[in-house]
Structures are given as structure tokens and as C-alpha cells.
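Reviewing the structure listed below.
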Amino acid sequence: MPRIYLSPSLQEYNQFINGGTEEEYMNLIADAMEPYLIASGIEFTRNRPSQTLTEAIDESNEGEYDFHLALHSNAASPSLAGQMQGADVYYWYDSKWGKAGADIIAENFKEVYPDSNKVKTVPTSTLRELRKTYAPSALIEVAYHDNPTDAQWIKDNIESIARNLVLSLTEYFGIPFVEPEK
């Protein structure tokens, strides 16, 4: 049975343009992922909102996880605030398995995000959650919380985002995706 560390954003200070926080909405996505993870046979541990990022990374590294998935929403630089849209899936630049997971996530996310041309995979050498975790990892910025259209899309699509992310994990692990019983 595959094991993941699920790491929704700990950034309660990042405000959505239409109310709420990044931490709040990424935890709602993680909540919605749980039934799909359980039904599909993926064990998981989640960070807790009371943790620091260092504590979450340490907890991930203390376990033997097959993948580390971080959930975030994005914000543009001040000069472009509210003007950017899209989803970015980051991976550590020289991680073969991180890239494989990020590519699957991005490809599948094109099915749920309104403009598939604005979903991309991005290598990075700077994001601490990817640099410091031992397991192959990806960090998805599901959309821009400072853009009114993207922020509302996140709020309106929590369930479909969650389902899509778990579908991607099952594809990464080569296991069947199973719908949870209602």
C-alpha cells in the first residue's frame, strides 16, 4: 500500500481576494481528498495547521513515505497582483520521481482547470518543502488566490480538485482509482 505525506499550506496569512485564507482552502481540499485516498488504498499522514513548515518537513522525513504532496494557492508579485492565472506544479529540479509525479499531476489537472494552457510543470531549486523532503515530492499551486476568477474557481471546485489529485496519485503509483462510497 503506497504512503504519502499530504501537506496543505500552513500560510494562514495569505488572504484570498474574496475571503478566506490559503491555509483554510488547501485544508478543505486535503479534507476532500481523504475519502478518495482511503478508497484507493493510499495511506496518508497530514500536517496540522498548528505546525511550522520545518515541523511538517521533519515529520515527513521521519516516516517512510513514497511521495510528499504539498497543496498551495499562488499570488502574483505586487506589480501583477490579480492579473495572473493558472496552476503550477513544482518539483525538485533533479528528482526523477518528483518530476514524474509533477508531470502526471499537471497533465491530469488540465482536465479540471478552466484553461489547460495555463497548467504547467516547473522545476525548482528554491522551494524548501521540495528541497528538504526525503520522499519524491511535488508542490501544486492550484490557482491564484489574488485573482478573483481563480480564487472563486478554487472555492467552487474543491471536490473536483481533490478527486483529480488523488487520481493523479493512483496513476503515479500504478494502482486503480476507486470512487469512495457515498
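The values are calculated or read from the model by the stated rules, or taken from the named source; none is laboratory data. Every value quoted in this text rests on a predicted model; they were computed, and no experiment measured them. Positions of Cβ are generated from backbone atoms using ideal geometry, with glycine treated the same way; all protein chains shown enter the neighbour counts. For accessibility, only protein heavy atoms count, side chains too; no ligands or nucleic acids. Shrake-Rupley method; radii C 1.70, N 1.55, O 1.52, S 1.80 Å.
Would you please put 44-51, 143-150, 91-98 in order of how densely packed they are, using the mean number of other Cβ atoms within 10 angstrom per residue and starting with the highest?
Details: 44-51: 15.8, 143-150: 22.9, 91-98: 17.8.
Packing order, densest peptide first, comes out as 143-150, 91-98, 44-51.
Think of it as helices only: each DSSP H run of n ≥ 4 in the chain is worth -39500 (n - 2.57), and spread over all residues that comes to -12000 deg cm²/dmol at 222 nm.
Any idea what the dipole of the stretch 17-132 comes to, in debye rounded to 20, about its Cα centre with Lys/Arg Cβ at +1 and Asp/Glu Cβ at -1?
Working: 10 positive and 19 negative charges, 97 e Å.
Here the size comes out at about 460 debye.
Across the stretch 5-12, rounded Karplus estimates of 3J(HN,Hα) from the backbone phi angles (6.51 cos²θ - 1.76 cosθ + 1.60, θ = phi - 60°) give 9, 9, 10, x, 3, 9, 9, 6 Hz, Gly and Pro being marked x.
Pairs spanning more than 31 Å between alpha-carbon atoms, out of 99/155; 96/182; 110/132: 96/182. With the charge dipole of the stretch 36-77 set up from +1 on Lys and Arg Cβ and -1 on Asp and Glu Cβ about the Cα centre, the Cα lying farthest toward the positive end among the listed residues 74, 42, 57 is that of 74.
Computed from backbone phi with θ = phi - 60° and the Karplus coefficients 6.51, -1.76 and 1.60, the 3J(HN,Hα) list for the stretch 51-65 is 7, 8, 5, 4, 5, 5, 4, 4, 5, 4, 6, 6, x, 9, 9 Hz; x is used for glycine and proline.
Reported to the nearest whole Å, the Cα centre-to-centre distance from the stretch 107-126 to the stretch 74-104 is 7.
Computed over the stretch 1-153, the alpha-carbon pair-distance distribution with 5 angstrom bins reads 2, 10, 18, 22, 23, 16, 7, 2, 0, 0, each value a whole percent.
Once all protein chains are placed together, residue 53 keeps about 50 Å² accessible to a 1.4 angstrom probe. Accessible surface of the stretch 61-158, 1.4 Å probe: 47 percent of it comes from carbon and sulfur atoms. Is the stretch 143-182 rounded, prolate or oblate when judged by the Cα gyration tensor, a ≥ b ≥ c being the square roots of its eigenvalues, rounded requiring a/c under 1.5 and prolate requiring a/b larger than b/c? Because a/c hits 1.5 or more and a/b fails to exceed b/c, the stretch 143-182 counts as oblate. Averaged per residue, the chain has 46 square angstrom of accessible surface, using a 1.4 angstrom probe with ligands and nucleic acids left out. Using the Karplus relation 6.51 cos²θ - 1.76 cosθ + 1.60 with θ = phi - 60°, the per-residue 3J(HN,Hα) values for the stretch 116-130 come to 4, 5, 9, 10, 8, 9, 10, x, 9, 10, 10, 6, 4, 5, 8 Hz, with x marking Gly and Pro.
For the options 31, 88, 156, a Gaussian network treatment of the chain with springs between C-alpha atoms closer than 10 Å singles out 156 as fluctuating the most.
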